Amino acid sequence: MKTWLIDSDTFMKEDTLRRLGAILRNGGLVVFPTETVYGIGGNALDMTAARRIYEVKGRPSDNPLIVHVADPDDAIRYVRELSEDAKLLMRAYWPGPLTLILPKNDVVPLATTAGLSTIAIRCPRHEGARALIRAAGIPIAAPSANKSGRPSATRFDHVKEDMEGFVDAIVDGGASEIGLESTVLDLTSPIPTVLRPGAVTKSMLEATLHKAVAMGRLGSENEAPKSPGMKYVHYAPMGEVTVYYGSIEAVAKHVNAIVEEDGSHRHAVICAGEDVARFRAETVLGIGRIDDPDAIGKELFSALRDMDRLKIERIHIPAFPEAELGAAIMNRLLKAAGYRTVNLDEKNTKKT
Ligand code: TXA
Ligand code: MG
């Protein structure tokens, strides 16, 4: 299939939006930017479009899609009801990087929700994304625009790499503003539960709801996942990723010794910018200052993809602070590592 590649200026022209809207209404797929990561969009009300998304992504069909609406007020058309909690959160964080799990109504086909009676719904704040959904006149199902299992796509190059030739159009929106997928919050459980941490943090949700919010347990292999996406290998580069806990001095000493001893593999380190000089691997990527989680979040997936481009076989990453956005950063990182961790913390305060 020939994919129409669209630069950002052409994208916002009325004629382009009209054509893209028609492609979506007719069951086609359009990769588009959002403030979190790029998405592969298709008509959320069309079973065939939903199936095409699964096929192109190589995604298991029991992993449901997020439905995107152009305006907060449109959500009511696709859910059975909006609880008071839902209304509070929508008012506080929509448009924005928060996905709500709510009971779905019959308008939404089960192919979109992978057979679940609930729907994941969000209103992105990216103006281009909203203009596109508005032009289509339908809600847009859009998973992250990566092949299943790969790091999410946060740059035009990434989506071209994974999706050119498989979708009708790809829009260049530059580097994603946040770089980590939306927070997914389940509002159908007795206690609101974060199934995937993101830029709308647990403390922000609690401040808005004036009550406790739970964190869904992440990564335990043998239980039925509440968010189906929790159970699959995710975000993984080809090389083996290890996350290290402990002081940066201890981590650097340990990693440098490994790199020195093992000359048969290509090693890389991904760390905070100010720590780059501590490491002696052939590739050391700094991805933002340790006290700037926004910068780290924005660079993380791109750095993981760079590892494949450089054919790195062993990737060493000192753990980042876990407060606020750090929870989302460490969630993606531990998944990319398949939970392979090394604890070098002498005080042993961190359980791994
Ligand atoms: O930031 C984002 O959310 C991006 C952009 C494109 O909007 N989209 C995205 O979609 O990350 P995806 O499909 O890669 O991740 C959706 C996550 C998956 O973990 C999925 O299992 C979960 O949301 N999910 C979707 N519907 C659900 C439901 N009804 N109940 C529980 N989890 C659900
Ligand atoms: Mg994804």
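The values are calculated or read from the model by the stated rules, or taken from the named source; none is laboratory data. Quick caveat, the model's predicted, so the values are computed rather than measured. Methodologically, a virtual Cβ is constructed for each residue, glycine included, from the backbone with ideal geometry; neighbour enumeration extends over all protein chains shown.
The table that follows gives values for the structure above.
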item: Of residues in the stretch 169-191 being out of contact with any strand residue (DSSP E or B) (no Cβ under 6 Å at 6 or more places or on another chain) and away from ligand 1 (no atom under 12 Å from the Cβ), the one modelled with the lowest pLDDT; result: P190
item: Search result, residues across the stretch 5-45 that are within 16 Å of ligand 1 (Cβ to nearest atom), polar (S, T, N, Q) and touching a helix residue (DSSP H, G or I) at 6+ places or on another chain (Cβ under 8 Å); result: T34, N43
item: Test for L88: is it touching a residue at least 24 places away in the same chain (Cβ under 8 Å) and buried (at least 22 other Cβ atoms within 10 Å of the Cβ); result: no
item: Subset of the stretch 107-139 that is more than 30 Å from E14 (Cβ to Cβ) and out of contact with any helix residue (DSSP H, G or I) (no Cβ under 7 Å at 6 or more places or on another chain) - its residue that is surrounded by the most Cβ atoms within 10 Å (Cβ to Cβ); result: I119
item: Test for L304: is it under 23 Å from E260 (Cα atoms), surrounded by 16 or more Cβ atoms within 10 Å (Cβ to Cβ) and not acidic (D, E); result: yes
item: Failed criterion for E274 (all others in (1) modelled with pLDDT of 95 or more; (2) in contact with a strand residue (DSSP E or B) (Cβ under 7 Å, 6 or more places away or on another chain) hold); result: (2)
item: Odd one out for T48 among (1) within 14 Å of ligand 1 (Cβ to nearest atom); (2) more than 15 Å from I133 (Cβ to Cβ); result: (1)
item: Test: residue in the stretch 163-180 that is farther than 22 Å from D7 by Cβ, in contact (Cβ under 8 Å) with a residue 24 or more places away in the chain and crowded, with 20+ Cβ neighbours inside 10 Å; result: yes
item: Residue within the stretch 298-305 that is assigned to a loop (DSSP other than H, G, I, E, B), at pLDDT 95 or above and closer than 21 Å to H158 by Cα present; result: no
item: Residue check for S148: modelled with pLDDT under 95, in the same structural domain as G27 (by TED's automatic domain parsing), within 13 Å of ligand 1 (Cβ to nearest atom) and over 18 Å from G28 (Cα atoms); result: yes
item: Qualifying residue in the stretch 137-152 (condition: aliphatic (A, V, I, L, M) and not in a loop (DSSP other than H, G, I, E, B)); result: yes
item: Pair list, Cβ < 7 Å and 6+ apart or interchain, from the stretch 270-282 residues that are more than 19 Å from L310 (Cβ to Cβ) to residues that are of a type outside the set (A, V, I, L, M) and in a loop (DSSP other than H, G, I, E, B); result: A272/G288; A272/R289; E274/R289
item: Total residues in the stretch 156-184, condition touching a Gly at 6+ places or on another chain (Cβ under 9 Å) and within 16 Å of ligand 2 (Cβ to nearest atom); result: 8
